[in-house]
Amino acid sequence: MKNLKKICLPVLLGFIMIFSSCDTDETQTVTNFDNLVMEDGFTTAGALDSNLWNFDIGNGAAEGIPGWGNNELQYYTDRAENAVVENGMLKITARQESFEGLGYTSARIQTKGKFQQKHGRFEARIQLPWGQGLWPAFWMLGDDNNGSEVWPQIGEIDIMENRGQEPTLINGSVHGPGYSGGEAITKAFELENDRFDTGFHVFGIEWGENYINYYVDDVLYNQITPDDVNGEWVFNDEFYIIINVAVGGNYVGSPNASTVFPQEMLVDYVRVYSAN
């Protein structure tokens, strides 16, 4: 979840989607991944399933990347105040409060070492928070081979990330060696007559040997292939899932007087499929 540079906006006209010149052509590869291999429907109230999810704790300083490399302002916790299963869904709450020397708290969960997969369909049904300076994301990182590889060599797939001040837009992106941070390969999807913070939407990718397709509510809006990246294609290894709400950072800027706290990201389910 890093800074993005190249943005191409789709325009929706009725049932016709017209894309900018950044789009792939009509030869897009589409694979039916219909073998369900992982699902968390958040049906048991209380704590997250520890057999599947880990918490990232802190602000990145312990990992040598204060602000998680993006000048983020939150401290991630494993408290129920920031992440809890209620009413059949996961609730991640960003709060404005003094905690461990920072002014905000939130949560970031991931499946590293517990669920990782190479290729497949990864999707989640989510309702986003809203407000200047909020940065919700559903994304993936590649296995670091026991620490022998580091970002961006491990690869990053951003299935969905959003600037909280732009409630009708999300981005899907990839980062790798030669196209990371501000050089990421990315594209935006825009809702018409709707907002991502007022209802649930399904964000997903279908990821194969040499392509990653990006979907919102089963609408294919982008495909990224090795021909689209300015370096090595690093997306043929196992990746793990991350879900978080950051506060502040280079991508979104800081909250301001208009930002209302607390803010919630609601996750109805996370599902992963493989090909039969």
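Just so it is clear, none of the values below were taken in a lab; they were calculated from the coordinates. What you are looking at is a predicted structure, and each value in this text was computed from that prediction instead of being measured. Reconstructed Cβ throughout: ideal geometry from the backbone, glycine too, with neighbour counts over all protein chains shown.
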Quiz item: Gain in length, Asp49 to Ala80, computed as 0.36 nm per residue apart minus the alpha-carbon separation, to one decimal in nm?
Solution: 9.8 nm
Quiz item: Roughly how many debye, to the nearest 20, is the charge dipole of the chain about its Cα centre, given +1 on each Lys and Arg Cβ, -1 on each Asp and Glu Cβ, and no other charges?
Solution: 560 debye
Quiz item: Out of every Cα pair in the chain, what percent are spaced more than 25 Å from each other?
Solution: 42 percent
Practice problem: Quick one: go through segment 130-163 and flag any residue whose amide nitrogen is under 18 Å from the point 7 Å out along the Cα-to-Cβ line of Glu232. | Solution: 141-157
Exercise. Give me the distance between the Cα centres of segment 128-173 and segment 207-230, rounded to whole Å.
Key: 15 Å
Self-check item: Radius of gyration and Dmax over the Cα atoms of segment 180-267, both given in Å
Solution: 15.9, 46
Quiz item: Regarding segment 26-146, what whole-number volume in Å³ per residue does the convex hull of its Cα atoms give?
Solution: 170 Å³
Quiz item: Looking at segment 113-158, which trypsin sites (Lys or Arg not before Pro) are in a loop (DSSP not H, G, I, E or B) and have at most 15 other Cβ atoms within 10 Å?
Solution: Lys114, Lys118
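In the chain, what percentage of the DSSP-assigned beta bridges are antiparallel, given to the nearest 5?
Of all bridge pairs located within the chain, approximately 95 percent are antiparallel.
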